[in-house]
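Values quoted throughout were computed directly from the atomic coordinates according to the rules given, and no laboratory measurement underlies them. What you see is a predicted model; the values in this text were computed from it and never measured. Cβ: placed from backbone, ideal geometry, glycine included. Neighbour counts: every protein chain shown.
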Amino acid sequence: MLIKPLVEALLFTTEEPLSPDKLAEITGVAIKEVREALWQLQKEYSHAERGLQVMEIAKGFQLATKPELAPVLETMFKGEKSYILSQAALETLAIIAYRQPVTRVDIESVRGVKVDGVLETLHKRRFIRTVGRKDAPGRPILYGTTKEFLKYFGLKDLSQLPHPALTE
Amino acid sequence: MLIKPLVEALLFTTEEPLSPDKLAEITGVAIKEVREALWQLQKEYSHAERGLQVMEIAKGFQLATKPELAPVLETMFKGEKSYILSQAALETLAIIAYRQPVTRVDIESVRGVKVDGVLETLHKRRFIRTVGRKDAPGRPILYGTTKEFLKYFGLKDLSQLPHPALTE
Amino acid sequence: MSLPVFEGPFALLFHLIEKAEVDIYEISISEITAQYLAYLQNMEKVNLDLASEFLVMAATLLKLKSKKLLPVTVESDLDPEELNLTIDSREELVQRLLEYRHFKAVATELRSYEQAQKRVFVRSLCGGKIVLVNPAEEADAGAVTLPGLMEAFQRLLAKREQLPQEIAPDDFSVHDKVKQIMYLLRGKNEGVDFLALFPRGAGLAEIIATFFALLELVRIRKIRVWQSAPFSSLLVAHRQNPGGGKGVN
């Protein structure tokens with residue numbers, strides 16, 4: 001099987017940027033060949049006649065649209081892009097992101113207000129998920145953030161949040 | 001702005017197949033130019049060195065991976081594509097696709113069994129929809145297939161339904 | 001002997017005809033009825049949902065068989081009308097079987113289409129995420145991406161020597177910080193130092209709130225962040241003319 005088409009398909013389907021290591025692991029070919037394929041693809045897509053690019057983000061690669069096309073593409077995704085999180089949602093997210101795993105009661109004690117509704121919204125938007133139950137009376141649910149959360153804020157992973165050394 | 005890169009980017013970002021009409025509307029160029037760009041892209045991607053294809057499906061176009069790469073890509077999406085429709089669902093869909101608009105009773109008379117449960121499942125999966133009521137006693141609901149149905153089976157439109165040769 | 005489970009009476013009839021290697025047009029009602037009833041008797045596993053349908057067909061076959069002998073109808077307490085399974089002649093049965101055979105063949109074809117489509121991946125499968133690069137971020141050299149912003153933030157925190165206090169209730173609000181930042185940036189189109197947006201001696205809670213506010217403002221393109229030279233400090237300003245994108249309020 002040819003390497004380049006395979007790498008192209010992987011850069012297309014992936015949700016997360018893929019590192020050369022990861023690509024080598026999936027395809028089962030030497031990292032040198034993966035790098036060669038990536039380089040070739042990057043060169044090909046850089047042509048002005050192409051609408052996509054091989055974008056390098058945080059040590060990984062992913063197909064993405066070219067920036068100059070954004071104005072037109074945005075008209076397609078109107079509404080999706082203009083979605084803005086409410087203040088309550090942002091604050092709750094901040095607390096969950098830094099304190100996870102965290103219970104509802106803990107969040108409420110920080111924000112000083114009930115957060116049931118906000119939690120539901122964040123859950124629906126798949127920014128948070130239940131990560132287990134706390135070993136405490138009532139075994140309250142523990143919440144954590146999701147991949148969706150990272151993507152929304154353009155974070156590579158939670159380590160990009162200043163955590164946890166400073167909060168302990 | 002060049003048309004081809006824009007169309008390429010749109011076929012990449014879209015969740016749904018985009019019709020030439022829709023592409024013309026978004027890009028603001030003549031449908032003839034859109035078709036030309038689509039044709040060019042289709043030709044370019046058909047090259048064996050490319051891992052993607054311009055797929056024509058459900059009356060629209062969309063970028064997709066090439067089928068021969070499936071073995072490797074499947075390892076990335078384990079489980080997501082593993083379920084298949086039941087035989088009952090397939091037979092029911094076949095009847096609806098050919099006979100639409102069709103009532104439940106008509107489907108049952110072909111299959112010789114009740115289809116309430118199957119219809120519900122197909123409805124939930126958005127493969128069928130109600131398209132009206134028959135002008136007959138009891139005004140029974142009429143069913144038809146959806147775009148989702150076309151997409152699932154990779155059909156451009158209903159004219160592409162299989163016509164199995166019924167030779168003895 | 002283990003018998004296959006059938007989708008319905010037509011599927012069973014069809015199986016019997018194929019097994020007997022008879023042309024559908026040539027079926028003998030007597031033989032097919034005998035085989036059908038024999039099958040039902042041997043059926044170990046019966047799909048209860050379909051039991052009545054199988055019995056209706058049995059009754060129908062018996063009716064057709066008896067019709068051949070005598071002009072009488074076999075009474076059944078099952079209601080074939082309800083299922084629209086009334087079959088009044090051998091010809092009609094043949095017709096129905098042919099029709100069923102057609103759709104069974106279509107279903108088989110659809111199965112192969114389904115298999116083929118499973119081998120093709122589109123982006124909607126993986127969430128259909130839009131990977132859109134902000135044009136303004138790329139337009140000016142030295143522009144800073146969100147990860148860059150994050151790094152700056154981490155450096156900021158690293159500078160803090162004392163450990164932060166507990167996050168106190170109502171101590172911070174992202175919403176207020178958004179307003180505060182927008183106010184601080186007013187009229188300063190040449191840019192404000194990134195660090196200047198974080199109040200001196202701010203606790204962790206306030207830093208987080210400020211930072212989330214900045215992230216949100218970048219995301220909705222209310223502000224832009226850039227560097228005048230590599231490794232120089234980050235500058236923040238209102239985005240006057242959102243780079244080709246629609247302003248978001």
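Using the Cβ-Cβ distance between B:Q40 and A:R133 with R0 = 45 Å, the FRET efficiency computed as 1/(1 + (r/R0)^6) comes to roughly 0.20. Solvent-free Debye calculation, one equal scatterer per alpha-carbon of chain B: log10 I(q)/I(0) at 0.15 Å⁻¹ equals -0.97. Calculated on the alpha-carbon coordinates, the convex hull of segment A:3-75 measures out at 87 cubic angstrom per residue.
Sorting A:39-52, B:111-124 by their mean Cβ neighbour count within 10 Å, with the most densely packed peptide first, gives B:111-124, A:39-52. Summing +1 for each Lys or Arg and -1 for each Asp or Glu among the other residues whose beta-carbon sits under 12 angstrom from that of A:I141 gives +3.
Could you tell me the calculated FRET efficiency between C:A196 and A:I31, based on Cβ-Cβ distance and R0 = 30 angstrom, to the nearest 0.05? Once rounded, the FRET efficiency stands at 0.10.
Sorted fewest first by neighbouring Cβ atoms within 10 angstrom, C:S112, C:S173, C:S28 come out as C:S112, C:S28, C:S173. With a 10 Å cut-off around each Cβ of C:7-18, the average count of Cβ atoms from other chains is 3.
Percent of C-alpha pairs per 10 Å bin in segment B:87-160, short distances first: 20, 56, 22, 2.
For the peptide A:43-52, the mean number of other protein chain Cβ atoms found within 10 angstrom of a residue's Cβ is 4. When each of C:M182, A:M55 is scored by the number of other beta-carbon atoms lying within 10 Å, the sequence from fewest to most is C:M182, A:M55. If R0 is 22 Å, the Cβ-Cβ spacing of A:K124 and B:E120 corresponds to a FRET efficiency of close to 0.35. Among A:I128, A:I26, which comes first, then next, by fewest other beta-carbon atoms within 10 Å? The most exposed by this proxy come first: A:I26, A:I128. Projecting the Cα atoms of A:A94, A:L158, A:G117 onto the dipole axis of segment A:87-160, where Lys and Arg carry +1 and Asp and Glu carry -1 at the beta carbon, places A:L158 farthest toward the positive end. For the residue pairs A:K22/B:K22; A:K66/B:K151; A:K151/B:K43; A:K32/B:K156, the alpha carbons lie more than 32 Å apart in A:K22/B:K22; A:K151/B:K43; A:K32/B:K156.
Legend: mean number of C-beta atoms from other chains within 10 angstrom of residue C-beta atoms, peptide B:15-27, equals 2.
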